[in-house]
Amino acid sequence: MTVGYARPQATQRWIAPVVLLTLLSGACGPGEGPYDLVIAGGRVIDPESGLDGVRDVGIRDGRIAAVAEGRLDGARTIDAEGLVVAPGFVDLHEHGQNEEAYALMVRDGVTSAFELEVGTEDVDAWYAERAGRQMVNHGVSIGHIQVRMDVMGDPSEGLLPSGIGGSGGATPDRLDEIERRIRDGLEQGAVAVGFGSAYTPGANMAEIERMFGVAAEFGASSHIHMRGGLAGLDSTLAAARRQRAPLHIVHINSSAGGAIDSFLAAVEAARDAGQDVTTETYPYGAGMTEIQSALFDDWETWPDARFADHQLVSTGERLTRSTFAEARRDGGTVIIHSRTEAMTQAAVASPLTMIASDGFIEDGRGHPRTSGSFSKVLGRYVREQGLLTLEEAVAKMTLRPARRLESRVPAMSNKGRIRVGADADITVFDAATVIDHSTYEDATLPAGGIPYVIVGGQVVVDGGVVTDARPGRAIRADGARDPRGR
Ligand SMILES: [Zn+2]
């Protein structure tokens with residue numbers, strides 16, 4: 001069912017007759033003429049209200065102004081008959097924060113992209129670099145990893161430490177400096193605090209817990225790529241609990257590996273006990289990271305066979321002991337083929353997980369999750385395998401990630417929803433054809449079956465093609481400490 005969206009069903013009409021007509025028919029809001037844009041006759045899914053039915057959605061001034069059973073008139077009308085009209089997807093874990101990455105993500109249905117795991121060491125500068133003309137809404141955390149790299153003097157110029165910033169222990173003075181800089185970042189409006197204890201083995205749990213406490217003071221969630229398997233999960237949960245810190249475990253699929261069921265059970269038990277903890281997954285069996293990071297510090301002890309599970313991103317080649325050694329010296333990113341399909345399915349199907357891409361792409365090279373995470377869940381896991389319902393999948397991509405950030409960032413309460421007053425961030429997809437196309441060899445192949453994506457009321461994907469519209473806005477907290485904090 002492809003319902004003719006190869007050519008957008010745009011209807012440009014003469015404004016004056018429409019105003020007259022709609023005033024007479026009462027089809028529009030009070031005395032304001034036609035809507036700027038109407039998405040007509042689609043199956044509207046709103047996870048907050050439970051709405052799942054055919055409606056017209058009227059958009060005015062960047063917001064949803066009407067959700068109606070009858071027909072609405074718009075300056076432009078998109079015919080969505082046979083298509084799903086969902087809130088725009090909110091991706092809490094996206095390292096690719098530039099035009100190249102946004103152009104792929106938006107065709108995967110993403111309308112808001114957050115870099116919350118690694119984050120940045122300079123919040124004001126991060127937003128300033130992206131001021132104006134972005135395709136999608138975007139936001140960042142103040143990142144413990146990045147701040148630590150800076151304070152410790154790490155030699156890496158990448159996202160992750162390659163030396164003392166990861167492996168070194170911090171003196172009391174340096175700990176004070178790390179804390180001061182995390183506070184500064186929160187005061188500058190960082191959306192959250194990012195952590196990667198797996199990448200900073202030199203940071204003991206007392207250091208991590210102290211920074212959880214700072215995040216909690218500001219009502220900010222701590223997004224962590226944790227270390228140490230199940231025991232590491234227990235100590236991370238315990239540290240957050242002691243600090244009453246909202247906690248988000250990033251990519252539980254890759255942190256858990258074969259222990260995914262036990263990981264999910266531990267998160268569920270913590271939630272049942274009243275702890276504010278959430279988690280996410282990306283729907284792929286391979287991970288990706290920088291080859292000079294601490295994750296590979298023991299590479300010299302590996303058996304030969306293990307190197308072939310590693311694929312160099314810049315060339316697509318599988319590695320050997322000697323080519324791994326070369327790449328480790330020169331730097332770059334590597335894809336790690338490490339998990340079974342059953343592990344991915346368990347993470348995607350769990351009601352505990354949100355979908356988040358962990359995407360990154362540079363000069364056309366990256367991981368397919370950058371351009372296919374959301375379409376793969378909708379196409380392969382919902383439609384082909386029936387692993388979860390469409391409504392559940394949409395909730396994992398929209399309402400739940402919006403809610404994760406909402407207490408610190410009130411603007412998020414107008415995202416992830418299709419209701420009057422919500423921001424007009426909308427993803428229109430064909431449930432019968434939506435699918436990922438990107439591969440481990442070519443991560444730039446855009447998803448299919450997502451003909452229209454609207455950001456702030458403007459059409460950024462039109463008939464599957466990225467337009468010139470750049471309505472993306474900075475999403476930022478107000479920086480104040482949370483009066484409900486500790
Ligand atoms: Zn990541």
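The values are calculated or read from the model by the stated rules, or taken from the named source; none is laboratory data. Since we're looking at a predicted model, the values are computed, not measured. Please note: Cβ atoms are built from the backbone with ideal geometry, for glycine as well, and neighbour counts cover all protein chains shown. The accessibility values were calculated without ligands, DNA or RNA, using every heavy atom of the protein model including side chains. Shrake-Rupley method; radii C 1.70, N 1.55, O 1.52, S 1.80 Å.
Mind listing whichever residues of region 121-145 are open to solvent by 10 Å² or more (accessible area, probe 1.4 Å) and either of a type in the set (A, V, I, L, M, F, W, C) or within 15 Å of the ligand (Cβ to nearest atom) (or both)?
Answer for region 121-145, where residues must be open to solvent by 10 Å² or more (accessible area, probe 1.4 Å) and either of a type in the set (A, V, I, L, M, F, W, C) or within 15 Å of the ligand (Cβ to nearest atom) (or both): A125, W126, A128, A131.
Within region 281-291, is even one residue open to solvent by less than 40 Å² (accessible area, probe 1.4 Å), away from the ligand (no atom under 16 Å from the Cβ), under 23 Å from the mean Cα position of the chain (by Cα) and aromatic (F, W, Y)?
Checking region 281-291: not a single residue is open to solvent by less than 40 Å² (accessible area, probe 1.4 Å), away from the ligand (no atom under 16 Å from the Cβ), under 23 Å from the mean Cα position of the chain (by Cα) and aromatic (F, W, Y).
Would you confirm whether or not region 397-410 contains a residue that is over 19 Å from A220 (Cβ atoms), at pLDDT 95 or above and touching a Leu at 6+ places or on another chain (Cβ under 8 Å)? Explain how you work it out, then say what you get.
Initial filter on region 397-410 (over 19 Å from A220 (Cβ atoms)): 397-399.
So of that shortlist, the ones also at pLDDT 95 or above come out as 397-399.
Pick out the ones that are also touching a Leu at 6+ places or on another chain (Cβ under 8 Å) and you get none.
No - not one qualifying residue is present in region 397-410.
Any chance region 408-416 includes a residue that's open to solvent by 30 Å² or more (accessible area, probe 1.4 Å) and under 26 Å from F360 (Cα atoms)?
Kept after step one, since they are open to solvent by 30 Å² or more (accessible area, probe 1.4 Å), are these residues of region 408-416: 410-411, 413-414.
Then drop every residue that is not under 26 Å from F360 (Cα atoms), which leaves 411.
The answer is yes, given that some residue of region 408-416 is open to solvent by 30 Å² or more (accessible area, probe 1.4 Å) and under 26 Å from F360 (Cα atoms).
S156 versus (1) closer than 18 Å to A469 by Cβ; (2) of a type in the set (G, A, S); (3) within 16 Å of the ligand (Cβ to nearest atom): which is the lone unmet condition?
The single condition S156 does not satisfy is (1).
Taking the conditions exactly as written (farther than 18 Å from L92 by Cα and open to solvent by 20 Å² or more (accessible area, probe 1.4 Å)), does L352 satisfy them or not? Walk me through it before giving the result.
Values: farther than 18 Å from L92 by Cα: no; open to solvent by 20 Å² or more (accessible area, probe 1.4 Å): yes.
The answer is no for L352.
Applying the selection to region 330-373, what residues are away from the ligand (no atom under 14 Å from the Cβ), of a type in the set (D, E) and within 23 Å of E392 (Cα to Cα)?
E341
Check every one of the helices (runs of 4 or more DSSP H) wholly within region 146-218 and list those with 3 or more residues that are of a type outside the set (D, E) and buried (at least 24 other Cβ atoms within 10 Å of the Cβ). So that I can check it myself, show each step before the final result.
On the way: elements: 164-167, 172-187, 205-217.
It comes to 172-187, 205-217.
Take residues that are farther than 22 Å from S141 by Cβ and either within 16 Å of the ligand (Cβ to nearest atom) or of a type in the set (G, A, S) (or both) and tell me which of the helices (runs of 4 or more DSSP H) falling wholly in region 219-276 contain 2 or more.
Details: elements: 229-242, 252-256, 260-272.
Output list reads 229-242, 260-272.
Can we say R321 is away from the ligand (no atom under 16 Å from the Cβ), closer than 30 Å to A238 by Cα and basic (K, R)?
Values: away from the ligand (no atom under 16 Å from the Cβ): yes; closer than 30 Å to A238 by Cα: no; basic (K, R): yes.
In short, no.
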